[in-house]
Amino acid sequence: MIKPEKTINGTKWIETIQINAEERATLEDQYGIDEDIIEYVTDNDESTNYVYDINEDDQLFIFLAPYALDKDALRYITQPFGMLLHKGVLFTFNQSNIPEVNTALYSALDNPEVKSVDTFILETLFTVVVSFIPISRAITKKRNYLDKMLNRKTKNSDLVSLSYLQQTLTFLSSAVQINLSELDRLPKTHFGVGADQDKIDLFEDVQIEGEQVQRMFEIETQVVDRIDHTFNNLANNNLNDTMKFLTIWSLTMAVPTIITGFYGMNVKLPLAGMQYAWMLTLGISVALIVAMLIMLKVWRKM
């Protein structure tokens, strides 16, 4: 979808969301955007990047934003969005229709401090970076809940939730790190040439916020990994305890089976003629079981 033109202090802004083949052709024919650029900026597998075409004087920005697969389960991945400055016109590409990107764009548009297209771009990037913070806080809340479950019975649902947290943290922490690397490089590119003090301050604000978000996700990743390690240790210990109990129980039951099986043969056996021979065999079984348990205790197998 190509939305109607808007203006940012005199600069045209063309917003696109999930464009189809016909709309791609419109961008090529009506605005003269190269087909390769459109393919590049709408590729959902692209990573963060900044490209400056010295011949066309075009500037292309691609950054990663959080994309919810299941908000309730905190399942997130990242998807790219693009901004293209082409012949004095700003084009934005949100091929995955990421809500956080739409919010960031209109937040920048409504910001009275945005006085140029450059500040619009930086304010958009700032808001996208900030959009990672509520997700991090939600992960912290979920992590605290799972941490409390360590003192109770471990459930498969808790392990699944923990796995979702690890997957989300892997995607988001990687995206935050890649975004921050590009934000650190951006002032040294053509986009940062001749920047005034306001623009320099915006660069610093975005970088500082990106570093804060990166630290938040690094801490969460470490804590969630420790919880996962603890879950695994508890599961292994529980399994070991169960196997120990079953092994000792099997050995205990093997003793009377051997004794009764021996005296159950249809041949003449010692003590078979005694009146209370069954009590004797029972006593022998109990004595052997007790002796075996004592030996296991002494040998620290129990």
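The values are calculated or read from the model by the stated rules, or taken from the named source; none is laboratory data. Remember, it's a predicted structure, so these values are computed and weren't measured experimentally. Positions of Cβ are backbone-derived with ideal geometry, glycine not excepted, and every protein chain shown enters the neighbour counts. Ligands, DNA and RNA are excluded from the accessible area calculation, which covers all protein heavy atoms including side chains. Shrake-Rupley method; radii C 1.70, N 1.55, O 1.52, S 1.80 Å.
A compact table of results
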| item | result |
| --- | --- |
| When segment 29-178 is reduced to its Cα atoms, the Kirkwood hydrodynamic radius in Å | 17.2 |
| Share, in percent, of DSSP beta bridges within the chain that are antiparallel, nearest 5 | 85 |
| Placed amide H near GLN95: partners under 5 Å, 5+ positions off or other chain | GLN18, GLY82 |
| Per-selection Kirkwood Rh - segment 96-172 (Cα, Å, 1 d.p.) | 14.8 |
| Mean shadow area of segment 1-113 over all directions, Cα convex hull, nm² | 7.9 |
| Heavy atoms of GLU211: accessible area, 1.4 Å probe, square angstrom to 10 | 70 |
| Cα Rg, Dmax (largest Cα-Cα span) when computed across the chain, Å | 33.8, 115 |
| Residue order for VAL206, VAL160 - accessible surface, 1.4 angstrom probe, largest first | VAL160, VAL206 |
| Cα point-scatterer Debye curve for segment 59-107, base-10 log of I(q)/I(0) at q = 0.15 Å⁻¹ | -0.44 |
| FRET efficiency, MET279 to ARG152 (Cβ-Cβ, R0 41 Å, nearest 0.05) | 0.30 |
| Candidate aspartates and glutamates - alpha carbon under 19 Å from LYS199, same-chain residues fewer than 8 apart omitted | ASP110, GLU113, ASP118, GLU123, GLU182, ASP184, GLU209, GLU211 |
| Geometric extent, Cα atoms of segment 130-235 - Rg, Dmax (angstrom) | 18.0, 61 |
| Max mean-square fluctuation residue, GNM over the chain, Cα-Cα springs under 10 Å, options LEU251, LEU146, LEU105 | LEU251 |
| Candidates ILE248, ILE33, ILE77: whichever shows maximal mean-square fluctuation once the chain is modelled as a Gaussian network with Cα springs under 10 Å | ILE248 |
| For segment 204-215, Karplus couplings with θ = phi - 60° (6.51, -1.76, 1.60), whole Hz, Gly/Pro x | 5, 4, 5, 5, 4, 5, x, 5, 5, 4, 4, 5 |
| Hydrodynamic radius (Kirkwood) for segment 143-189, which is based on Cα pairs only, to one decimal in Å | 12.9 |
| Shape call, segment 120-162: gyration tensor on alpha carbons, a/c limit 1.5 | prolate |
| Scaled radius of gyration (Cα, divided by 2.2 N^0.38 Å) that segment 221-260 gives | 1.95 |
| FRET efficiency, VAL51 to LEU296 (Cβ-Cβ, R0 45 Å, nearest 0.05) | 0.05 |
| Förster-model FRET efficiency, 25 Å R0, GLU28 and ASN102, C-beta, rounded to 0.05 | 0.55 |
| Lysine pair count for segment 1-101 [Cα-Cα under 21 Å; pairs on different chains or 8 or more apart] | 4 |
| Interchain or long-range residues, amide H under 5 Å from ILE8's placed H | TRP13 |
